[in-house]
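Colleague: Mind looking over this structure? Questions follow.
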Number of protein chains: 2
Amino acid sequence: MKHVVIVGGGFAGINAAKELGNRRDIRITLIDRKNYHLFQPLLYQVAMSALGAGDVAEPLRNMLSKYKNITVFKGSVENVDMEKKILLTDFGEISYDYLILACGVKHHYFGHDEWEEHAPGLKIIAQATEIRRRIMEAYEAAERTVDPVERKKLLTFVVVGGGPTGVELAGSIGEMSRFTLSKYYKHIDPKLTRIFIVEAAPRILGSFSPKLASKATRALEQLGVQVWTNSMVTDVDANGVQIGNERIEAATVLWAAGVRAIEIGGKMGVETDRSGRIVVEEDLSISGYPEVFVGGDQAHFAHHTDDPLPGMAPVASQQGRTIGKNILNEVKGRTRKPFRYKDKGQMATIGRNKAIVEIGNFKFFGSFAWFTWLLVHIYYLTTFKHRVFVLLQWGWSYFTFGHGARLIVNKEWRFYPDQKKVNVEEES
Amino acid sequence: MKHVVIVGGGFAGINAAKELGNRRDIRITLIDRKNYHLFQPLLYQVAMSALGAGDVAEPLRNMLSKYKNITVFKGSVENVDMEKKILLTDFGEISYDYLILACGVKHHYFGHDEWEEHAPGLKIIAQATEIRRRIMEAYEAAERTVDPVERKKLLTFVVVGGGPTGVELAGSIGEMSRFTLSKYYKHIDPKLTRIFIVEAAPRILGSFSPKLASKATRALEQLGVQVWTNSMVTDVDANGVQIGNERIEAATVLWAAGVRAIEIGGKMGVETDRSGRIVVEEDLSISGYPEVFVGGDQAHFAHHTDDPLPGMAPVASQQGRTIGKNILNEVKGRTRKPFRYKDKGQMATIGRNKAIVEIGNFKFFGSFAWFTWLLVHIYYLTTFKHRVFVLLQWGWSYFTFGHGARLIVNKEWRFYPDQKKVNVEEES
């Protein structure tokens, strides 16, 4: 009975687990710090109040309960002893025959960890809820204040990073401020909300073709989003961002820029790239340790590709499946197969009826692209229940222009926690 | 133009606002510390993972946007100067012609505020999320531990207070542990979960008839809930509760016992009862200050009744409407009418197909009562959208025995916060 230990229940981990589930001569232990699998591509919709947390996340135990040979533990990994084949966790040691590391990435602030409290990233549900809270609190404070300078700052939102997540966040804020919020406030005009995407590279959406990126820029501008390219953020504080000699005063800054692999590759003493990702062999194992595999965002896979594969759900899913299959092959006495990424294309949505889709040389934009985006995301959602409920929520929002889940949930659970006082005057 | 200020967007505040909305010669300012109206009767279902937060809460701005004369501010009230007719808030002073206080209640720990961190109550969404987190974390830790004493403590849940909320919480934990969770864990049997209701009075559900309360007790027992009556909690700590000389070791304690009105009556120097509720006149105004009304849980109304009216949604809704109508009457030069409570009965659910309903002398129990409970709650839900989505969720859960929203959302938004270490050994 071979013991396979999987660390991380994201797209890579869960797909590896499914390949190995209910197979003979294999038992599996899956460890995650969260108790849920997250459909990351739609997490920004939770942050933007369009979906609830339960629509994009599914408890790992639910997903894996049909596999009798899988045990799930909620816990975190501290190190790996690859010589002794032992995983060190916060609840003890676990020995393995095969290890699959799929711990993902966290946000990286280019050596400025102090920026994090002013500019949350978007990787787990608690961050989505926090981003939602900050956006809605900014509008509430703007409604209360009579100071025009303060109000302007409160109605300014900066998204750092012009990749798909940054574009989706900024586009959603643009759409929400232009179409949804305007009728809800008496003292402010949410249509005056200023939104910025600040991107260090010469253009946004660098992984897409220049033509599609240009169309997306135009669509963002129509939603009131100003796209600043060639703009490297040099400081972030509680009142805004500094871009060299330029400055934007903003109460809300969101981080959609760099990521860095979860710190475990460094501890293990294996080869990592600049972002902390573990460099893997063609079969996704670590050089010299054929029983240790790395998949998903944590892996640096650069075979047969110009660049290392990007941190995307399809890459992670395919890698997870390949790792699972290769372990199965080996247990059955067959040889391993190298990993080959099957590029299914990429897409990003900007707003209502607007998206960009790029599948090989097939590139399109607009409402057909948006509809494609929608269908693909519904199709890939984790469970049938999620598909039904997300479709219903989207249908409802589409026809009512509403964002139903616009609740501010306090960070503290105590009744009526002390609130941070906002420096405002009473008006009415 | 008379300025009506409403403090609190619960059932009393929102119903008063609706009576006065879009009326001539009246402008309204509604202030709440939260940005949402909460359908409190179903909050326990959010705590028990049966519904999402968005299913039971609606942003106040959405609910009131159709009334042109209502301004909403998110803020909190610090005091009232009834002589100058000024409300003191954390964002400045607001003068009023009429004031409606409907601030509600918070949990009261009988002088032991230090119990709160070990036994959260259930009044706002953040508390529901925290209760959910504690329950699910207890099962996760039980799955990890190999220490049988620790495991027993982790699988023990104590609900303090045997009113409708306590019964609904305990019944849900019973049902979840007996029917839903059992297939999800490999090392523990969730059916062995111990659940206690600890009630100081001689019986639970004191507001119901003894016969119905007895049927409810039997139904709870069938779900594995032990009902301890005549049991006054004398201490609560991180490891359990003390009841005189007896002790229950429990990792999770929930508080559904005493409540106390939000501390503002005391500051205002008006007559309050033992629970801090403001004693009101027959028209719900404060004696000597006919322009100041109190409604909902914050009011002590004992005219034409044996006891002060209980803190229930129907009482609060009716009081809010009466206050609104009386202000309208006065503005139009008519006289006020005294408040008369129209008793629509009370109900509580214990579990699948089991509830108790008492409407006057009409008392019933079982699946018909459960179906009545279900219809009444759907009917009274705040918006049409909530009705549709809650009905869908319930339908889904009923036929699949599932609790879909069983996500643990961390209290902190930072990526992978340091977790409290659980003292366990590795097992597999």
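The values are calculated or read from the model by the stated rules, or taken from the named source; none is laboratory data. As the structure is a prediction and not an experimental result, all values here were calculated from the model. Ideal geometry is used to build each Cβ from the backbone, glycine not excepted, and the neighbour counts take in all protein chains shown.
Colleague: Can you tell me which of (1) over 28 Å from A:G52 (Cβ atoms); (2) modelled with pLDDT of 90 or more is the one B:F110 doesn't meet?
Modeller: Going through (1) over 28 Å from A:G52 (Cβ atoms); (2) modelled with pLDDT of 90 or more one by one, B:F110 breaks only (2).
Colleague: So which residues in region A:158-184 are in contact with a Lys or Arg (Cβ under 7 Å, 6 or more places away or on another chain) and within 22 Å of A:E249 (Cβ to Cβ)?
Modeller: Matches in region A:158-184: A:S177, A:R178.
Colleague: For B:R151, work out the one condition from (1) out of contact with any strand residue (DSSP E or B) (no Cβ under 9 Å at 6 or more places or on another chain); (2) at the interface with chain A (Cβ under 9 Å from one of its Cβ atoms) it doesn't fulfil.
Modeller: Failing condition for B:R151: (2).
Colleague: Can you name the residue in region B:265-306 that is of a type in the set (V, I, T) and over 25 Å from the mean Cα position of the chain (by Cα) and is also farthest from B:Y96 (Cα to Cα) among such residues?
Modeller: B:V270
Colleague: Restricting region B:85-131 to residues that are of a type in the set (G, A, S) and under 23 Å from B:H300 (Cα atoms), which is surrounded by the most Cβ atoms within 10 Å (Cβ to Cβ)?
Modeller: B:A102
Colleague: Given the criterion on the phi < 0 side of the Ramachandran plot, touching a His at 6+ places or on another chain (Cβ under 8 Å) and among the polar types (S, T, N, Q), identify the matching residue among B:T372, B:T349, B:T382.
Modeller: Criteria check complete, one pass: B:T382.
Colleague: Let me ask another. Restricting to region A:201-212, name every residue that is under 20 Å from the mean Cα position of the chain (by Cα) and surrounded by fewer than 22 Cβ atoms within 10 Å (Cβ to Cβ).
Modeller: Within region A:201-212, A:G206, A:S207 qualify.
Colleague: Taking region A:262-296, which residues are in contact with a Pro (Cβ under 9 Å, 6 or more places away or on another chain) and assigned to a helix (DSSP H, G or I)?
Modeller: none
Colleague: For B:I248, state whether it is in contact (Cβ under 8 Å) with a residue 12 or more places away in the chain, surrounded by 15 or more Cβ atoms within 10 Å (Cβ to Cβ), within 14 Å of chain A (Cβ to nearest Cβ) and out of contact with any His (no Cβ under 7 Å at 6 or more places or on another chain).
Modeller: no
Colleague: Then there's this: Please specify each residue of region B:1-35 satisfying the condition of being under 20 Å from the mean Cα position of the chain (by Cα), under 20 Å from B:D90 (Cβ atoms) and modelled with pLDDT of 95 or more.
Modeller: Listed by number, the residues that qualify are B:V7, B:G8, B:G9, B:G10, B:G13, B:I31, B:D32.
Colleague: Would a scan of region B:315-323 turn up a residue that is in a loop (DSSP other than H, G, I, E, B) and either under 18 Å from the mean Cα position of the chain (by Cα) or farther than 27 Å from B:N22 by Cβ (or both)?
Modeller: Looking for residues that are in a loop (DSSP other than H, G, I, E, B) and either under 18 Å from the mean Cα position of the chain (by Cα) or farther than 27 Å from B:N22 by Cβ (or both), one finds none in region B:315-323, hence no.
Colleague: Here are the criteria: (1) more than 21 Å from B:K344 (Cβ to Cβ); (2) crowded, with 18+ Cβ neighbours inside 10 Å; (3) not hydroxyl-bearing (S, T, Y). Tell me which single one B:A238 does not satisfy.
Modeller: Tallying (1) more than 21 Å from B:K344 (Cβ to Cβ); (2) crowded, with 18+ Cβ neighbours inside 10 Å; (3) not hydroxyl-bearing (S, T, Y), B:A238 fails exactly one: (2).
Colleague: Additional query: Suppose we filter region A:46-90 for residues that are at pLDDT 90 or above, assigned to a loop (DSSP other than H, G, I, E, B) and at the interface with chain B (Cβ under 8 Å from one of its Cβ atoms); how many remain?
Modeller: Within region A:46-90, residues that are at pLDDT 90 or above, assigned to a loop (DSSP other than H, G, I, E, B) and at the interface with chain B (Cβ under 8 Å from one of its Cβ atoms) number 4.
Colleague: Separate question: For region B:337-428, which strands (runs of 3 or more DSSP E) that fit wholly inside it have 1 or more residues that are among the acidic types (D, E), at pLDDT 80 or above and within 30 Å of B:K211 (Cβ to Cβ)?
Modeller: Per the criteria, B:354-359.
Colleague: Name the residue that is nearest to A:L20 (Cα to Cα), counting only residues in region A:92-120 that are within 11 Å of chain B (Cβ to nearest Cβ) and over 27 Å from the mean Cα position of the chain (by Cα).
Modeller: Of everything passing the filter in region A:92-120, A:Y96 is nearest to A:L20 (Cα to Cα).
Colleague: Here's a follow-up. Among the residues of region B:31-84, how many are among the hydroxyl-bearing types (S, T, Y), surrounded by 24 or more Cβ atoms within 10 Å (Cβ to Cβ) and either in contact with a strand residue (DSSP E or B) (Cβ under 8 Å, 6 or more places away or on another chain) or without any contact (Cβ under 8 Å) to a residue 24 or more places away in the chain (or both)?
Modeller: Counting residues in region B:31-84 that are among the hydroxyl-bearing types (S, T, Y), surrounded by 24 or more Cβ atoms within 10 Å (Cβ to Cβ) and either in contact with a strand residue (DSSP E or B) (Cβ under 8 Å, 6 or more places away or on another chain) or without any contact (Cβ under 8 Å) to a residue 24 or more places away in the chain (or both) gives 1.
Colleague: In this structure, is B:A16 farther than 26 Å from A:S182 by Cα, touching a helix residue (DSSP H, G or I) at 6+ places or on another chain (Cβ under 6 Å) and either among the hydroxyl-bearing types (S, T, Y) or buried (at least 24 other Cβ atoms within 10 Å of the Cβ) (or both)?
Modeller: no
The rows are residues; the columns are (1) in contact with a Ser or Thr (Cβ under 9 Å, 6 or more places away or on another chain); (2) outside the structural domain of A:V315 (by TED's automatic domain parsing).
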site	(1), (2)
A:L20	no, no
A:A47	yes, yes
A:A53	yes, yes
A:I94	yes, no
A:I100	no, no
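Colleague: Ok, one more. Given the condition closer than 24 Å to B:K153 by Cβ and within 14 Å of chain A (Cβ to nearest Cβ), answer yes or no: does some residue in region B:188-199 qualify?
Modeller: Checking region B:188-199: at least one residue is closer than 24 Å to B:K153 by Cβ and within 14 Å of chain A (Cβ to nearest Cβ).
Colleague: Among the residues that make up region B:276-286, is at least one of them among the acidic types (D, E) and farther than 14 Å from B:F339 by Cα?
Modeller: No: zero hits.
Colleague: Within region B:147-191, restricting attention to residues that are under 24 Å from B:A213 (Cβ atoms) and acidic (D, E), which residue is modelled with the highest pLDDT?
Modeller: Applying the filter and picking the extreme gives B:E168.
Colleague: Pairs please, first residue from region A:271-284 and under 15 Å from A:V315 (Cα atoms), second anywhere and hydroxyl-bearing (S, T, Y) and at pLDDT 95 or above, Cβ atoms under 7 Å, 6+ apart in sequence or on different chains.
Modeller: Going by the 7 Å Cβ cut-off, the qualifying pairs are A:L284/A:T322.
Colleague: Here is a check on your reading of the model: is B:Y36 away from chain A (no Cβ under 11 Å) and among the hydroxyl-bearing types (S, T, Y)?
Modeller: Spelling it out, it is not the case that B:Y36 is away from chain A (no Cβ under 11 Å) and among the hydroxyl-bearing types (S, T, Y).
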